[in-house]
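Undergrad: Mind looking over this structure? Questions follow.
The values are calculated or read from the model by the stated rules, or taken from the named source; none is laboratory data. Quick caveat: nothing in here was measured; it's all calculated off a predicted structure. Cβ placement follows ideal geometry from the backbone for every residue including glycine, while neighbour counts extend to all protein chains displayed.
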Amino acid sequence: MASVEIRAVRYDDPDAVKLNDLVQQEYVERYGDGDLTVMDAAHFDPPRGLYLLAYDEDGEAVASGGWRAQEDSPEGHADGDAEIKRMFVVARARGRGLARAILAELERSAAAAGRTRMVLETGQRQPEAIALYRSCGYVPVPKFGYYRHDELSVCLGKPLVTSV
């Protein structure tokens, strides 16, 4: 990863909005619609969340990802969950380890904030995302979230280890 800087930003930061628009376009291409999960910038405010962007050597935002705290809910979350949202790398920057670097920092920060499990919802039409998460230790968990009844939904989770 040559000259990449990962920065914490708000979910409504202009660079974050730009990448979110791109990921929504990708969802439309793969699924026919954008992600309809309700999200708010405040969901990602520390200490109950974090939103990260990776900037390349030209200072351009090329990757994103965030987590937000979740508790036991009718949507299937459990107490102590940290839910990953908007993991995305622009096409020209893929294959450089950016998603892994963001994921590692999300896991570290969620554990430091006292979260006990990282969870995410992706879809069967995103095999590269599923492969990434599985290679990082994520395993299937009971479905949760807006798409929990959708046959294409894939929910994965991983216990978080807190450092003493």
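Undergrad: Checking the condition among the aliphatic types (A, V, I, L, M), at pLDDT below 95 and in contact with a helix residue (DSSP H, G or I) (Cβ under 7 Å, 6 or more places away or on another chain), which residue from Met1, Met39 passes?
TA: Checking each option against the conditions leaves just Met1.
Undergrad: If you scan the range 113-151, which residues turn out to be part of a helix (DSSP H, G or I) and of a type in the set (Phe, Trp, Tyr)? Steps first, please.
TA: First, the residues of the range 113-151 that are part of a helix (DSSP H, G or I): 127-135.
Hit for the range 113-151 is Tyr133, nothing else.
Undergrad: Another question, if that's okay. Look at Tyr51 and say whether it is assigned to a loop (DSSP other than H, G, I, E, B), of a type outside the set (Asp, Glu), modelled with pLDDT of 95 or more and surrounded by 14 or more Cβ atoms within 10 Å (Cβ to Cβ).
TA: Numbers: assigned to a loop (DSSP other than H, G, I, E, B): no; of a type outside the set (Asp, Glu): yes; modelled with pLDDT of 95 or more: yes; surrounded by 14 or more Cβ atoms within 10 Å (Cβ to Cβ): yes.
No, not satisfied.
Undergrad: Given the condition at positive phi, in a strand (DSSP E or B) and at pLDDT 95 or above, answer yes or no: does some residue in the range 74-93 qualify?
TA: Filtering the range 74-93 for residues at positive phi gives 76, 80, 86.
If we keep only those that are in a strand (DSSP E or B) too, we end up with 86.
Cutting the leftovers down to at pLDDT 95 or above gives us 86.
Yes, because at least one residue in the range 74-93 is at positive phi, in a strand (DSSP E or B) and at pLDDT 95 or above.
Undergrad: Contact list please: Cβ distance under 6 Å, first residue in the range 45-61 and within 13 Å of Glu105 (Cβ to Cβ), second residue part of a loop (DSSP other than H, G, I, E, B) and not aromatic (Phe, Trp, Tyr), pairs at least six apart or on different chains.
TA: Qualifying pairs under 6 Å: Tyr51/Val9; Leu53/Val9; Ala54/Val4.
Undergrad: For Leu120, only one of the following conditions fails: (1) modelled with pLDDT of 95 or more; (2) within 13 Å of Thr37 (Cβ to Cβ); (3) out of contact with any Cys (no Cβ under 8 Å at 6 or more places or on another chain). What is its number?
TA: (3)
Undergrad: Being of a type in the set (Val, Ile, Thr) and assigned to a helix (DSSP H, G or I) is the filter here, so list the residues in the range 1-48 that pass it.
TA: Here is the first cut: in the range 1-48, the residues of a type in the set (Val, Ile, Thr) are 4, 6, 9, 17, 23, 28, 37-38.
If the condition is that a residue be of a type in the set (Val, Ile, Thr) and assigned to a helix (DSSP H, G or I), then Val17, Val23, Val28 are the ones that fit.
Undergrad: Going through the range 107-121 one residue at a time, which ones are basic (Lys, Arg) and in contact with a Pro (Cβ under 8 Å, 6 or more places away or on another chain)?
TA: Quick first cut of the range 107-121, residues basic (Lys, Arg) only: 108, 115, 117.
The answer is Arg117, and nothing else.
Undergrad: So, one more: Among the residues of the range 131-149, are any surrounded by fewer than 17 Cβ atoms within 10 Å (Cβ to Cβ), closer than 26 Å to Gln25 by Cβ, touching a Cys at 6+ places or on another chain (Cβ under 7 Å) and at pLDDT 95 or above?
TA: Yes, because at least one residue in the range 131-149 is surrounded by fewer than 17 Cβ atoms within 10 Å (Cβ to Cβ), closer than 26 Å to Gln25 by Cβ, touching a Cys at 6+ places or on another chain (Cβ under 7 Å) and at pLDDT 95 or above.
Residues checked against (1) buried (at least 17 other Cβ atoms within 10 Å of the Cβ); (2) modelled with pLDDT under 95; (3) more than 13 Å from the chain's Cα centre (by Cα); (4) not small (Gly, Ala, Ser):
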| site | (1), (2), (3), (4) |
| --- | --- |
| Ser64 | yes, no, no, no |
| Ala69 | yes, no, no, no |
| Ala111 | yes, no, yes, no |
| Thr116 | no, no, yes, yes |
| Gln126 | yes, no, yes, yes |
| Ala129 | yes, no, no, no |
